[in-house]
Amino acid sequence: MGRPDPEEGQLPAPVKPPDGGWGWIVLLGCFVITGFSYAFPKAVSVYFKELMKDFHVGYSDTAWISSIMLAMLYGTGPVCSIMVNQFGCRPVMLIGGLLASAGMILASFTTNIIELYLTAGVLTGLGMALNFQPSLIMLGTYFDKRRPLANGLAAAGSPVFLSSLSPLGQVLLEKFGWRGGFLIMGGLLLNCCTCGAVMRPLDMGMKRKMGKAQDKYEAKEMLPIGGKSEEGISTTDGTKKAKKAKKQPKKGKKLLDFSIFSNRGFIIYTISKFILVLGLFVPPILLVNYAKDTGVPDTEAAFLLSIIGFIDIFARPACGMVAGLKWVRPHVAYLFSFSMLFNGLTDICSARASNYTGLVIFCVFFGISYGMVGALQFEVLMAIVGSQKFSSAIGLVLLIEAFAVLIGPPSAGRLVDALKNYEVIFYLAGSEVVLSALFLGVASYCCLNRGKKKEPPPENNPSGVGGSDTEEAESDVQEAEEHSSDNHQPAHNTDNAVVAANEEANHVAEEQSGEGGGCPAGDGEVLARDGCSADQMVERDSF
């Protein structure tokens, strides 16, 4: 007997999320990617004044660089989902890191603002999008029980990098100018390739276990002849059933799974998230100008954003820990609704703040609520659709959010220009956030809890990516796994027991041959008791 073919049912079961181990390295990579994706479009704003002087353009023209980056980050969600489902997370992230770096390096050689839009805006934005989404997918495959905490820690990368990249950009601008700063920033973005390289798919661990199973099988071939013969009978029977299972049609890979729109929870989440994004980013964008209009000095007004970022750093991991508690995690959607309600009420209550102390208090509470929203948004989505469909779900959600990003902040800016009143904008933004919170909470209670008994729970396949090779291998080895656990047991019998079993089998075989009886059809164990040899079993299988 030779080594069993791994394709014939001898594979181990797919690997479950380890909730640790190499997952912590994946979490670190996701932390870096999240930091670059959310903080980089804001950090490049320190170069805008120099760009305005060199290219003779206005502030609104340079602001389009950040807007295009964010539009690419959100709007290319479905494209990222298709690429991840087709090629896997690691190759997509490596390509994304190269594109992001190449965009900033090429931007350092541009001669007009349009070239900056194409390089720093489109190319770098697309590269960061190809890194951001796969990193979240990999985080969901490596963590299950600790997933809320992992999402909170990864989300903390945004405020950490924002507080680091902005001062770094100012230093680079003073020493090397905006062209040198862009060039060095492009080099920093090459770290995205390093983060992509550590995103090891879990099926590699399955292949290692397969090699161990093969080595174990070779050791079994050194058993006594009787034990080897009985082992061969059961192995052949298991192989036969594995081949039958393999012949069954497999599910094809879906580039983008639109079946998630049949999930009522996903529909509720998407509508709520669209309303949320309309008002969530308005207060921090207008905060500095609002403070200046109330008489706050420029340096103290800029420090208000630092307060939000500092509070945000601690709020996200803390909220992730709370969401991971056993009595909280089943109701994480309501915790997300509460965090949005908290954020919206903070905007409304702080609309009349007229001094620096009131604005500082607003920044503290806004930082806490903003961090809670950031830590829970993707955890809730994973809980609704499951990790198997998360790659398609996040792409479609980001695409819908892209429209809200392009509508919300620009509309608020136009209202400020028209009304010359920031108080109305804070009321409006807070009302939108409160509306999204109420919609999510009420709709989840009324639509989901009533139909909870009728609908099956969402799929939570630890493989992470829909249509992956691990998912297909699971159907191939499902039956073979059952037989391998029963038929491939180590030989603990003594030599006397083996000889006695062989004599009994030979005696039964002689009686049947004398009566003219053949080998009855049946399972491998029945054949062994009725005296069929391994050669007869193989000959029967050939027909």
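Quick look at the numbers
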item	result
Scan of the range 116-125 for residues that are open to solvent by 10 Å² or more (accessible area, probe 1.4 Å) and in contact with a Leu (Cβ under 8 Å, 6 or more places away or on another chain), ordered by number	THR119, LEU123
Residues that are in contact (Cβ under 8 Å) with a residue 60 or more places away in the chain and over 28 Å from ALA120 (Cβ atoms), drawn from the range 22-46	TRP22, GLY23, ILE25, VAL26, LEU27
Where SER354 falls short, out of the listed (1) in contact with a Ser or Thr (Cβ under 8 Å, 6 or more places away or on another chain); (2) under 22 Å from ILE268 (Cβ atoms); (3) not basic (Lys, Arg)	(2)
Qualifying residue in the range 328-342 (condition: assigned to a helix (DSSP H, G or I), at pLDDT below 90 and crowded, with 16+ Cβ neighbours inside 10 Å)	yes
Any hit, the range 151-158, residues being modelled with pLDDT of 90 or more and surrounded by fewer than 24 Cβ atoms within 10 Å (Cβ to Cβ)	yes
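Here's the yes/no breakdown for (1) aliphatic (A, V, I, L, M); (2) under 21 Å from GLY140 (Cα atoms); (3) open to solvent by 50 Å² or more (accessible area, probe 1.4 Å):
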| site | (1), (2), (3) |
| --- | --- |
| ASP61 | no, no, yes |
| ILE68 | yes, no, no |
| MET72 | yes, no, no |
| PRO78 | no, yes, no |
| VAL84 | yes, yes, no |
| PHE87 | no, yes, yes |
| VAL92 | yes, yes, no |
| ALA100 | yes, no, no |
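The values are calculated or read from the model by the stated rules, or taken from the named source; none is laboratory data. Since the model is a prediction, treat every value here as computed from it, not as a measurement. Note that each Cβ is placed from the backbone with ideal geometry, even for glycine, and that neighbours are counted across all protein chains shown. Note: accessible area is taken over every heavy atom of the protein model, side chains too, but ligands, DNA and RNA are not part of it. Shrake-Rupley method; radii C 1.70, N 1.55, O 1.52, S 1.80 Å.
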